[in-house]
Amino acid sequence: MRILLALAALAAPFFVAAPATAAAVPRDALATGQRDSYVSALPGRGRFPLVAAGRAAPLVVSAGDHAGVIRVVDDLSADIAAVTGVKPVVAHDRVPGGRDPVLVGTIGKSPLIDRLVAAGKLDVRGIAGKWETTVEQIVENPLPGVRRAFVIAGSDQRGSIYGAYDLSKRIGVSPWRFFDDVPVRHQDAVYLLPGRHTQGTPAVKYRGFFINDENPATGTWAPRYFGPGKAPGFPNGLNAAYYAKVFETMLRLKANYLWPAVWGRAFAEDDPQNHATASFYGVVMGTSHEAPMMRGIEEWNRHAVNGTDPYGGNGEWSFRRNADAIKAYWRDGAERMARDKIEGVVTLGMRGNGDVSLPDGDGIELMSSIIDTQREILRENGLIGAPQVQTLYKEVQRYWDRGYRPPDDVTVVFCDDNWGNMRKLPDASLPARSGGYGMYYHFDYVGGGRNYKWVDTVNLTNTWEQLDLSYRKGVDRLWMVNVGDLKNEEQPTQMFLDYAWKPFPLSGLAEWERGYAAQNFGPALAGEIAGVLGDYGHLQSRRKPELLNRRITFDPETKVVTYDDEASPFSLTDYREMDRVTAEWQALGARADRIKARVPAAWQDAYFQLVYYQVKATANLYALRHAEFTNIRYAGQGRAATNALADLAEARFADDQALNAYYNNELAGGKWKDWQLQPKIGYGNVARYGPNAPWQQPEKDHVALPDEIYPYLKRIEVPAKAEMGVDLDGADPVTLPAFSPYQAQPQQFIEVYNKGTTPFTYRIRPSVPWVHVTPSAGRVDQQVRATVRVDWRRAPKGTTTVPITVTGAGVTTVVQAPIDNPVLRPRGFVEANGYVAMEADHYSRKVGDWRLLPEIGKTGNGLTPLGGTGARLEYTTTLKTTGPVKVTAVLSPRNNVLPTDGLKYAISLDDQPPQTVNITTATGADDTTMNKQWERNTSDNVNRTTTTHTVAKAGVHTLKFWMVDPTVIVQRLEIDTGGVKYSYLGPPESKRVSR
């Protein structure tokens, strides 16, 4: 019964009462999580009073400035009022009331700003003519009768907008105020510091995100909250009111570029004001990789489906068979862009309807003809100078690989593999392109091996490494990331955009995480919240929650991948893996609970959305899967505890639904009605959801039990008569795993269980006094787990097998306990239980330059080589096994982004010649076709390759991991001497002994 009680304890209370009052904020700190702030709560020499003594400086903008700049000044006024309770007056071209004003404007567009520049009072050197750049400074005697002003001057429209929103952020307004209900901390006064301040020019020119895979969350919530779409017959379209909030959030995050939602939605048609609203806000519009010429594919589908196709074609999306209709369709998109003066990036090329490959084949001649046709249409409409992209998504990359090059001014956008691993980067040997290079990345995905749409599953170290590598390789013209609904991907989205604006080193990532937490929750809890989110990202990146009922195995000999959608990927029997990972999640959930109890009442809704829900709901899901798969295993053994585990799994399902119900009905006063509908439990149920069920989301996972917990729970008839069963650590029916003083787990267990409802007494007796069992006797209601330990001070040297007798319910079972007490003087990592496992950063010696990547690995840190003669990592290990052994390198599942024939490393034992391994060909994971081997690597989030080496004699040896390609990331190394069992994370790290 102890196991059942322990499992029941995994479900901590979900809702904790919050304190009624907020903690005090230091007066001179505005708690925005930003360094080098020009904002303070205290007066001082030369400081400008934005708000002081109950009065606010007026905000002045020229009526002749860009519409987006005039609009943002109203937002700034509202933000200042939210923070201070004092709303500044907004005026156009004049300074009201004799107060020192804040002047906001664009160089070359605002007469107010231009007058200051002409008079030499505002230095715009290094600002004027730049892209999206701002200067903020106090100017003395700026205008007649004005003693001084705080000036926000932008080099262009978005420069001015970003300057205004930067001030909002620095006074304490989070970019996530609307989408996550982040409140502001009240300040009685706000002062702006003297000096010349600028956020610089963005490193990446176009930076944005793709709202995609937006059903069921956005697709259900937004039409209810903002009203239906305006297109007849399509009420679930997203209207201009919704997009206005998206545009505002984008600009607060210093993004400038959007791909709008596409699942049954057409941005231009769902609301005729959508494009106008983007222009009003100053946002650059684009279309996704499957939607060329500024037209969403749904526009084509609607006309074809309704039988009102205005292009005279049959609606077939084929350039070979329906070219005239498609050209007319594209021409309308170009004409609309020109007529409505839409600032946009034009997608070129063509994919199949439904985000698939073209039905016309993939010949270079065809793609060249398509792009030439599109360019001619742009030329006819005066748009040939507009920015254009070809996105090398999935099979489209083949054109590039086979030598096709779009016109030089077209930006070539390289893509990740949908799981956060870039597939290709610019070849330094090629001539520079005037259009430069871009990147399309994913935080959300629909497709194989399985959709991941529910919550944030991003490891920020992994993302930083790929962004940094891409930027250093020259990818700086355009960055786009798929964020699903946007909400639920807040932290990685902001990190992606912040890096795109100003790249920062890996050493700055922890500071960025604390700043993100402080921005939303203040400095008092920032460190703890950042710690929880950091550990969450590490644990979550091990495996997507949607994949917790799928085990994928790979045969390195045949390169055959096998899927089992009714098995836990984490071992229930070896290394206590499922117990360990579930306990880690419950510990993280408990930390989130403790923080929640200290979060001020006003911040509870924001905390629930940005931290608590994803942590607690995922922890609960692990507890559910733990109970579910244990239930299925127990049913096969006929255990009396089987049905109690089914009850426990159903209770965890009920907790999941309670969390969702709170989100959907009570959170923020019901604002997020029906937001949390995303399924994550019922994947893989082919009988219920059809042939796409292994990867596509189920219809829903909140109908009725047991149908939506898949695989299904099991219940059995338990007889009254007591019957003893014995289960051993490692699940062998007779023999325990070998004991060794050097094993990672210092003890094993024997579990005595009942197959009936009548309790019985048991007794466990080792045959020698130096083997101890605790508890060695007692009563079994359902089951008891007894720990077996060896007293190594008394155990004989060498190999011994100790019988252990288990008696209960009139039955006696003899268990064998192998004892391995080697006669050796070990050094380094010591073999035990038939293996040696070593985390990558626990090397004995390092040669060359290597970068440590914190918590990028499933079990720890990773290392990637940066260069140096003979760069390698050396690991000292003591082996007692001789003959052939297998060495497995556990690497991040990177693709070969370089112009070589694969991604390689080399490995050697002692002075034996290094064996070079091409991890692309070794696993058959051709990242261009994204086949089953690739699905296995990305789903498991590692690439495992194995080599065979010969150990000539027992003793101390050195394993060497050699750099071949610089983009390899090694997480851990495992030497299998014959005892490695299946596990998802690999065997626990071996004991390490110094000399």
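The values are calculated or read from the model by the stated rules, or taken from the named source; none is laboratory data. Treat the numbers as computed from the prediction; the structure is a model and nothing was measured. Note that each Cβ is placed from the backbone with ideal geometry, even for glycine, and that neighbours are counted across all protein chains shown.
Some notes on this structure:
- Across the stretch 646-682, the qualifying residues are those that are of a type in the set (Phe, Trp, Tyr) and under 18 Å from Glu214 (Cα atoms), and the one among them that is nearest to the chain's Cα centre (by Cα) is Trp675.
- Qualifying residues in the stretch 472-526 (those that are assigned to a helix (DSSP H, G or I) and among the aromatic types (Phe, Trp, Tyr)) - the one nearest to Tyr441 (Cα to Cα): Phe496
- Within the stretch 553-571, considering residues that are part of a strand (DSSP E or B) and loosely packed, with under 14 Cβ neighbours inside 10 Å, the one modelled with the highest pLDDT: Thr562
- Residue match in the stretch 770-793 (condition: among the acidic types (Asp, Glu) and either more than 30 Å from Lys886 (Cβ to Cβ) or not in a strand (DSSP E or B) (or both)): yes
- One residue stands out in the stretch 328-353 among those that are assigned to a loop (DSSP other than H, G, I, E, B) and charged (D, E, K, R): the one that is nearest to Gln157 (Cα to Cα), namely Glu343.
- When residues of the stretch 127-158 are limited to those that are part of a loop (DSSP other than H, G, I, E, B) and basic (Lys, Arg), the one surrounded by the fewest Cβ atoms within 10 Å (Cβ to Cβ): Arg147
- Top-ranked residue in the stretch 163-196 [being among the acidic types (Asp, Glu) and not in a helix (DSSP H, G or I); ranked as nearest to Ala53 (Cα to Cα)]: Asp188
- Wholly enclosed helices (runs of 4 or more DSSP H) of the stretch 236-297 bearing at least 3 residues surrounded by fewer than 21 Cβ atoms within 10 Å (Cβ to Cβ): 240-252, 274-281
- Check on Gly219, without any contact (Cβ under 8 Å) to a residue 60 or more places away in the chain, closer than 24 Å to Gln137 by Cα and not β-branched (Val, Ile, Thr): no
- Looking only at residues in the stretch 862-884 that are polar (S, T, N, Q) and farther than 24 Å from Asn833 by Cα, the one that is modelled with the highest pLDDT is Thr864.
- Of all residues in the stretch 749-770, those satisfying the criterion of being touching a Leu at 6+ places or on another chain (Cβ under 9 Å) and surrounded by fewer than 21 Cβ atoms within 10 Å (Cβ to Cβ) are Phe749, Glu751.
- Of the candidates Ala795, Ala731, the single residue that is within 44 Å of the chain's Cα centre (by Cα) and either closer than 30 Å to Asp976 by Cα or modelled with pLDDT under 95 (or both) is Ala731.
- The single condition among (1) assigned to a strand (DSSP E or B); (2) more than 30 Å from Tyr762 (Cβ to Cβ) that Pro826 does not meet is (1).
- Restricting Ala654, Ala704, Ala687 to those that are surrounded by fewer than 16 Cβ atoms within 10 Å (Cβ to Cβ), at pLDDT below 90 and not in a loop (DSSP other than H, G, I, E, B) reduces the list to Ala687.
- Annotation note: of Leu903, Leu879, the sole residue that is more than 26 Å from Asn941 (Cβ to Cβ), out of contact with any Cys (no Cβ under 6 Å at 6 or more places or on another chain) and buried (at least 23 other Cβ atoms within 10 Å of the Cβ) is Leu879.
- Near pairs, Cβ below 7 angstrom, 6+ apart or cross-chain, from the stretch 377-392 (without any contact (Cβ under 8 Å) to a residue 40 or more places away in the chain) to any residue that is among the β-branched types (Val, Ile, Thr) and outside any helix (DSSP H, G or I): Leu392/Val412; Leu392/Val413
- The set of residues from the stretch 338-355 being farther than 20 Å from His303 by Cβ and within 33 Å of the chain's Cα centre (by Cα) comprises Ile342, Glu343, Gly344, Val345, Val346, Leu348, Gly349.
- Condition check for Asn459: under 17 Å from Gly420 (Cβ atoms) and surrounded by 22 or more Cβ atoms within 10 Å (Cβ to Cβ): yes
- Taken together, Ala744, Ala720 contain a single residue that is among the small types (Gly, Ala, Ser), outside any strand (DSSP E or B) and at pLDDT below 95, which is Ala744.
- Listed by first and then second residue, the pairs linking a residue in the stretch 56-78 that is not assigned by TED's automatic domain parsing to the domain that holds Asp166 to a residue that is in a strand (DSSP E or B), with Cβ atoms under 6 Å apart and 6 or more places separating them unless they lie on different chains, form an empty list.
- Which numbered condition Leu42 misses (of (1) surrounded by 20 or more Cβ atoms within 10 Å (Cβ to Cβ); (2) among the hydrophobic types (A, V, I, L, M, F, W, C); (3) not in a helix (DSSP H, G or I)): (1)
- Helices (runs of 4 or more DSSP H) (entirely within the stretch 573-645) containing at least 3 residues that are without any contact (Cβ under 8 Å) to a residue 12 or more places away in the chain, within 23 Å of Glu489 (Cβ to Cβ) and not assigned by TED's automatic domain parsing to the domain that holds Val784: none
- Flag for Leu469 being of a type in the set (A, V, I, L, M), surrounded by fewer than 23 Cβ atoms within 10 Å (Cβ to Cβ) and not in a loop (DSSP other than H, G, I, E, B): yes
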